[in-house]
Amino acid sequence: MSSQRSRADRQYHVVCRECVVEKLFESADDAAAAKLEHAKETGHQVVVGRVK
Ligand SMILES: [Zn+2]
């Protein structure tokens with residue numbers, strides 16, 4: 001039995017370059033949606049980084 005089962009293979013780190021917003025997602029779609037939402041709401045520049 002693997003002890004790393006609870007960990008996702010990949011995580012997506014959404015970070016705003018212009019304020020303190022920072023979130024971690026396990027799905028690229030969720031990360032992209034959060035990025036778009038924040039950018040739309042605030043006009044901030046948001047980046048998504050992939051975390052292994
Ligand atoms: Zn922001």
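The values are calculated or read from the model by the stated rules, or taken from the named source; none is laboratory data. These figures come from a predicted structure and were not determined experimentally. When we count neighbours, we look across all protein chains shown, and the Cβ atoms used for this are built from the backbone with ideal geometry, even at glycine.
At a glance:
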item: Residues that are at pLDDT 95 or above, more than 15 Å from the ligand (Cβ to nearest atom) and among the aliphatic types (A, V, I, L, M), drawn from segment 12-30; result: Leu24
item: Any pair with Cβ under 7 angstrom, 6 or more apart, that starts in segment 27-52 at a residue that is outside any helix (DSSP H, G or I) and ends at one that is surrounded by 12 or more Cβ atoms within 10 Å (Cβ to Cβ) and of a type in the set (Gly, Ala, Ser); result: Val46/Ala39; Val48/Ala31; Val48/Ala32
item: Positions within segment 24-44 being under 12 Å from the mean Cα position of the chain (by Cα) and of a type in the set (A, V, I, L, M), in sequence order; result: Leu24, Ala28, Ala31, Ala32, Ala33, Ala34, Leu36
item: Residues located in segment 20-50, provided they are surrounded by fewer than 11 Cβ atoms within 10 Å (Cβ to Cβ) and not small (Gly, Ala, Ser); result: Val20, Glu22, Asp29, Lys40, Glu41, Val47, Arg50
